1. Does residue 127 satisfy the criteria of being in contact with a helix residue (DSSP H, G or I) (Cβ under 7 Å, 6 or more places away or on another chain), more than 25 Å from residue 271 (Cα to Cα) and crowded, with 22+ Cβ neighbours inside 10 Å?
2. Pick from 107, 136, 132: which is in contact with a strand residue (DSSP E or B) (Cβ under 7 Å, 6 or more places away or on another chain) and touching a residue at least 40 places away in the same chain (Cβ under 8 Å)?
3. Please note which strands (runs of 3 or more DSSP E) are completely contained in segment 108-225 and include at least 3 residues that are at pLDDT 95 or above, within 15 Å of the ligand (Cβ to nearest atom) and in the same structural domain as residue 438 (by TED's automatic domain parsing).
4. Run residue 55 past the list (1) within 16 Å of the ligand (Cβ to nearest atom); (2) in a loop (DSSP other than H, G, I, E, B); (3) touching a strand residue (DSSP E or B) at 6+ places or on another chain (Cβ under 6 Å) and report the number of the one that doesn't hold.
5. Take the residues in segment 68-98 that are within 12 Å of the ligand (Cβ to nearest atom) and not in a loop (DSSP other than H, G, I, E, B); name whichever of them is farthest from residue 160 (Cα to Cα).
6. From the list 422, 414, pick out the single residue that is over 20 Å from residue 168 (Cα atoms), without any contact (Cβ under 8 Å) to a residue 40 or more places away in the chain and surrounded by 15 or more Cβ atoms within 10 Å (Cβ to Cβ).
7. If you check 261, 281, which single one turns out to be surrounded by 20 or more Cβ atoms within 10 Å (Cβ to Cβ) and at pLDDT 95 or above?
8. So which residues in segment 226-240 are away from the ligand (no atom under 16 Å from the Cβ) and either on the phi > 0 side of the Ramachandran plot or assigned to a loop (DSSP other than H, G, I, E, B) (or both)?
Ligand SMILES: [Zn+2]
């Protein structure tokens, strides 16, 4: 057959499009509904490839036995991880870990897996959520998280606990929780990322820059945690048995979770496969707790994750937002970094369960050096000098403070200008201990004739 010239082909093609458009214009125009194939009951926003594995037993139950539609967003690609299988690292490892995650989730029936592709942060003494928010380009990541909520229109969002805990306590884990919480609160507001919810000019033609999504308000927000102690989450949400047997799969949820994890071979090697082969599933059989961060549809706190959820959409529910404290004239001290941020973040996002959930805590190694930031607040009209005292249990050492360059050590006197904060960086050295144990550090200050504080930090010192 003689090839049709390119020009003729274009004319033919345009005339087909035009005929199609004429035919369509003769019907009453309607907007197409959101793509039903992507509607989710539950959207999981988890930080690294393999962090979804922590709740894989519950996700297996939701998908395979309760026929829930579950989608997963992984905020990083795990490019800073190890590789127990091969030599591939960094971006190459990220490509591998994306595939591992898709295979892992496919094993429990989940194939809607999105990657937000924030960088994987690693390598600091102490996790700080603010550092991960910085490296992940917070605003850009938030816009993407909002897009995934609008695309999947979930009833429930599940993410990691936005708090500093003793456990793995990775800053990317906390950042995923912060970004998911913010996205939960913003996705229903069409004035945020408005380009996502504006209608395309002509969806049947090309180059549309308006995305045509709908604003969407999810109904419930749940957190899960990698804390090494789970006493503080008791009673704040449902807890799922992992020794229970899946009615459809005829094996325990622990076994389904181990199988899901077994695909993450770069991180876990053959350990999960061996555990499955030898039926040594103890690590997977612990009950799986969640924290109900908030519900806009009621339901029991410890009831099922889908409790109270009906299919009808709900209206946008604005949160309280940041409110500056009232009657602030005075002097105060508080822990800086993530702790200072979370004190303001929880009330701003109506996370009423969070302020009382756990007091500031940190896990450090035996003999480890680590920094703590303290904020000295002066909201009076004059400069004020703070005399800071650090109360340390036996064996602890203050290595240095932020004033060490200007003054002979030890320097514990700091001046905050009027209506200003002074940030003190204190470097501590934990004692060498045989057995892991909790210890408490506290700070008080004398300033302008007042006693201020105490501020306390519980530290879990790991044994040698
Ligand atoms: Zn992780």
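The values are calculated or read from the model by the stated rules, or taken from the named source; none is laboratory data. If you're wondering where the values come from, they're calculated on a predicted model, not measured in any experiment. Positions of Cβ are generated from backbone atoms using ideal geometry, with glycine treated the same way; all protein chains shown enter the neighbour counts.
1. Yes.
2. None of the other options fit; the residue is 136.
3. Details: elements: 112-118, 156-160, 220-224.
Where strands (runs of 3 or more DSSP E) fall fully within segment 108-225, none carries at least 3 residues being at pLDDT 95 or above, within 15 Å of the ligand (Cβ to nearest atom) and in the same structural domain as residue 438 (by TED's automatic domain parsing).
4. Every condition holds for residue 55 apart from (2).
5. 97
6. Within the list 422, 414, the selection yields 414.
7. After ruling out the rest, the residue left standing is 261.
8. 229, 230, 234, 235, 236, 237, 238
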